[in-house]
Amino acid sequence: MKIFYASFLLVFVASINTLSAQEVDTIPIDTKGLDIKLKRSPLPSRTGVLIFKPVTLSPIVVDAKVNYWKTKTAIGINVNQATFSNNWKGGGVNSLAVGGLVNYKAEYSKENYSYVSEVILEYGKVKNKDQLQKKTRDRIFWDNKAAIQMSKNWYFFASINFESQFDKGFRYDMKDGVEIPTQISGFMAPGYLTESMGFEYKPNKYFSTRIGTGTAKQTFVLDKSIFIDKNPKFGVDSGKTFRNELAFQIVSNFEKEIFTNTTLKARYQMFIPYDRPLIHIDHRLDVTLTSKLNRLMNVSLSGIGLMDKDTDPSIQGSQTLALGVMFVFPR
């Protein structure tokens, strides 16, 4: 029993000494004033003066110019053809139709000044067996507009616009089973030249509206052969070739990709003459829906609605559906 108590006492004393030693080791020691010499590092060290030499760098001149112009050219060709054998019982007539389109647009924009020029050239013909050739499309359109920005969405603009056709236009009458053509239009018969200035509202890139408070339009009929009677043609009196009008004009443009690879382009124009009753207001709406099938192929549906009492008392309409190839530069 005494031996057990003696062993327990020794273990207890050893534990106390261990704890005391740990506590002593954690006590900070003030080495200030102590003569403690550190051993020299065995790693070699060198001291010296760093010498920096200036290096001459030749400036790099970048030959870069800012191009304020943006252009786009589209060339389209459409061909429709049908051929039937002489014993074809389904009925039909041999035909060939060819149409072409050139659309060029250039835009210049710098600071608060902008300029836009657009050219549209269209021409097409169809030839059916045992019939005369007939036009399917014929248009010359050139629009130029310069504008200065006044605020976020409003501009002051000045524009000049020209429109006519390439070829003669005919009316076809049947007499004894034979087609009799009668010319009713031609190049510069009519031809329209319109100058306008006013204000333009353009809230985004795909829509704009011009309000031409000061607009002048000249109508030309240079081919007098269309005056088959004494009645005026396109608002120009018989025997004359020119007519000038002052008017208030509104022109709205819309062009946007409404679906993937499908673009809707529309232009509405209203012309209100100052010197005639409101019944003589002219309206014209051009709408084209183009869908790109692949890199070259596309299908387009276009329509024109025209209300011009100088050419006809009723509404005139035109519609074209075409499938062909389209080359666009730059891509």
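The values are calculated or read from the model by the stated rules, or taken from the named source; none is laboratory data. Please read these numbers as outputs of a predicted model, since none were measured by experiment. Cβ atoms come from the backbone with ideal geometry, glycine included; neighbour counts cover every protein chain shown. Accessible surface is based on the protein model in full, side chains and every heavy atom, while ligands, DNA and RNA are left aside. Shrake-Rupley method; radii C 1.70, N 1.55, O 1.52, S 1.80 Å.
Things to note:
- Cα point-scatterer Debye curve for the chain, base-10 log of I(q)/I(0) at q = 0.06, 0.09, 0.13, 0.14 Å⁻¹: -0.40, -0.68, -1.16, -1.28
- Nearby lysines by direct alpha-carbon distance to LYS72 (threshold 25 angstrom, same-chain neighbours under 8 apart not counted): LYS105, LYS110, LYS145, LYS202, LYS205, LYS256, LYS265, LYS292
- Loop-resident sites, region 181-275, for chymotrypsin sites (Phe, Trp or Tyr not before Pro), counting at most 12 other Cβ within 10 Å (DSSP): TYR274
- With every protein chain in place, the chain: carbon and sulfur % of accessible area (1.4 Å): 62 percent
- Taking Cα atoms only, the orientation of helix 2-25 departs from the longest principal axis of the chain by about 50 degrees.
- Average accessible surface area per residue within region 118-236, 1.4 Å rolling probe, Å²: 54 Å²
- The chain, dipole about Cα centre (Lys/Arg Cβ +1, Asp/Glu Cβ -1), debye to the nearest 20: 1020 debye
- Sequentially through region 158-165, phi angles give Karplus couplings (6.51, -1.76, 1.60; θ = phi - 60°) of 9, 9, 9, 9, 10, 8, 7, 9 Hz, Gly and Pro residues having no value and appearing as x.
- Charge dipole (Cα centre; +1 on Lys/Arg Cβ, -1 on Asp/Glu Cβ; no other charges) of region 224-331 amounts to roughly 380 debye.
- Reachable lysines, given that their alpha-carbon falls under 21 Å from the alpha-carbon of LYS127 and they are not under 8 places away in the same chain: LYS135, LYS168, LYS175
- Accessible surface, region 257-319, averaged per residue in Å² (probe 1.4 Å): 62 Å²
- Dipole of the chain, positive end: most advanced residue of ALA64, THR194, TYR268 [Cβ charges, Cα centre]: ALA64
- The helix-only estimate of mean residue ellipticity at 222 nm for the chain, built from DSSP H runs of length n ≥ 4 each weighted as -39500 (n - 2.57), is -2500 deg cm²/dmol after division by the residue total.
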